[in-house]
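J.: Below you will find the structure I want to go over with you.
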Amino acid sequence: MNRLFLILFLLIGSAASADTLEVIFRYYNADGQIQSEPLSCSASNGWAKQIAAPDAAGWQHWQLSTVEKSYQLVLKGKHDSIAVEIEVHNKYKNTVRSLVINRLQVRPQAQVMKVNELTCKWTGSIAYPIEYRFNNPLDGANLHLETLRCERTLDSLNLTLYFLSDSVMLYKCGKNEALFFKYYLSSTGHFIREASNYSCTEFTNEEERRLYEILNRLNSTIQYEFQGKKLVLKDSFCYWEFSFE
């Protein structure tokens, strides 16, 4: 859904429903894949009503009745569910009309989201959570390899990963080749990827070749974690530390 259209739609809807909170989100399964199937939503201390069917990009649009304390929700898909608690700071209870969440992902534990000036970006009465777990910080980012630790530790290496979207990564190899990997950030810290339709035949340096072989070995496990403004990838043998450019 076009972001500008979404904001205008929210503003119009919010003006007509000042006593409710609209929640717009994308629902991800535990493997980090967007699910665009219809969901059911139950609120333990109020009511929840679906405003529109999910669109092709997976956006879901719900309306919640205003409550005195936190919103306590259970979202259910065909194969999984999410427990979510939304705490709106007292200062913003009469201000926030819409909450836009880029990433609500299935996790084993209930997720608590706090809505205040420290945890959200604001556009008028619309709040956007900024916490990593509710966003994919890789989306649209370029990451430069700073440290590679395998048999020995190397620093200041010449390798950049280009994350073109929420699930597509561009990998450049050699001087004239590039290919796409589909990737997903699982709830358990696994960096899941799908094979590319193409392959690299030449490499600029050893670190480029080594990471390509690891990414292309789909039956091997790669763990990921964010450490501030850095992404760490690691398998049984190597540790890769990337910084956001």
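J.: When the accessible area of the stretch 38-85 is computed with all protein chains present and a 1.4 Å probe, what percentage of it is carbon and sulfur? Walk me through the numbers before you get to the answer.
T.: Numbers: 1350 of 2560 Å².
The computed percentage sits at 53.
J.: Mind listing the long-range amide H neighbours of LEU99? Cut-off is under 5 Å, sequence gap 5 or more, other chains count too, H placed in the peptide plane at 1.01 Å from N.
T.: Residues meeting the criterion, in which the H sits 1.01 Å from N, are GLU22, VAL23, ILE24, ALA127.
J.: What is the extension gain from GLU151 to HIS79, computed as 0.36 nm multiplied by their sequence separation minus the C-alpha to C-alpha distance, in nm to one decimal? Walk me through the intermediate numbers first.
T.: Details: separation 72, 0.36 × 72 = 25.92 nm, distance 4.19 nm.
Between GLU151 and HIS79, full extension yields 21.7 nm more.
J.: Turning to a different aspect of this structure: Taking the Cα atoms of the stretch 56-98 alone, what are Rg (to one decimal) and Dmax (as a whole number) in Å?
T.: Expressed in Å, the Cα Rg and Dmax of the stretch 56-98 come to 12.8, 37.
J.: With every protein chain left in place, what is the accessible area per residue of the chain in square angstrom, probe 1.4 Å?
T.: Ligands and nucleic acids excluded, the result is 51 Å² per residue.
J.: Quick check: at a probe of 1.4 Å, how many percent of the accessible area of the stretch 95-245 sits on carbon and sulfur atoms?
T.: Solvent-exposed carbon and sulfur of the stretch 95-245 make up 49 percent of the total.
J.: Can you return the lysines within cross-link range of LYS182? Criterion is Cα-Cα under 20 Å, with same-chain partners fewer than 8 residues away left out.
T.: By straight Cα distance, LYS182 reaches LYS172, LYS234.
J.: To continue, here is another question. Per residue of the stretch 135-150, in order, report the coupling 6.51 cos²θ - 1.76 cosθ + 1.60 (Karplus, θ = phi - 60°) as ³J(HN,Hα) in whole Hz, putting x for Gly and Pro.
T.: 8, 10, x, 7, 4, x, 9, 10, 10, 9, 6, 9, 9, 10, 10, 10
J.: If I stretch the segment between VAL232 and GLU117 completely, what's the gain in nm (0.36 nm per residue apart, minus their alpha carbon distance), one decimal?
T.: Additional length available on full extension: 38.5 nm.
J.: Averaging sequence separations of C-alpha pairs under 8 Å and six or more residues apart, then dividing by the length of the stretch 79-181, give the relative contact order as a whole percent.
T.: 19 percent
J.: Using Cα-Cα distances under 8 Å and only pairs 6 or more residues apart, what relative contact order does the chain have, in percent?
T.: About 14 percent, as a whole number.
J.: While we're on this one: Could you run the Karplus curve 6.51 cos²θ - 1.76 cosθ + 1.60 with θ = phi - 60° over the stretch 118-128 and give me ³J(HN,Hα) per residue in whole Hz, x for Gly and Pro?
T.: Coupling constants for the stretch 118-128: 8, 9, 9, 8, 10, 10, x, 9, 9, 10, 10 Hz.
J.: While we're on this one: Enter the angle in degrees (range 0 to 90, nearest 10) between the Cα long axis of helix 206-216 and the first principal axis of the Cα atoms of the chain, meaning the one along which they spread out most.
T.: Long axis of 206-216 versus the principal axis of the chain: about 50 degrees.
J.: What cysteines in the chain have no other cysteine with a beta carbon less than 4.7 Å from their beta carbon?
T.: CYS41, CYS120
J.: Then there's this: Counting C-alpha atoms alone, how compact is the chain: give Rg to one decimal and Dmax as a whole number, in angstrom.
T.: Considering the chain through its Cα atoms, Rg and Dmax are 20.4, 62 Å.
J.: In addition: Over 24 Å between C-alpha atoms is what I'm after, so list which of LYS91/LYS229; LYS69/LYS229; LYS93/LYS121 land there.
T.: Beyond 24 Å between Cα atoms: LYS91/LYS229; LYS69/LYS229.
J.: Could you check how many percent of all C-alpha pairs in the stretch 102-200 are farther apart than 17 Å?
T.: Of all Cα-Cα distances in the stretch 102-200, 66 percent exceed 17 Å.
J.: While we're looking at this one, here's another question. Return the sequence-ordered ³J(HN,Hα) values of the stretch 101-110 in whole Hz as given by the Karplus equation 6.51 cos²θ - 1.76 cosθ + 1.60 applied to θ = phi - 60°, using x for Gly and Pro.
T.: 10, 5, 8, 10, 10, 4, 9, x, 9, 5
J.: Which three lengths, in whole Å and largest first, does the stretch 22-128 cover when its Cα atoms are put on their principal axes?
T.: Principal extents (largest minus smallest coordinate, Cα): 37, 27, 25 Å.
The values are calculated or read from the model by the stated rules, or taken from the named source; none is laboratory data. These numbers come from a predicted model, not from an experiment. With ideal geometry, Cβ positions are generated from the backbone for all residues, glycine too; neighbour counts draw on all protein chains shown. Only protein heavy atoms, including side chains, enter the accessible area calculation; ligands, DNA and RNA are left aside. Shrake-Rupley method; radii C 1.70, N 1.55, O 1.52, S 1.80 Å.
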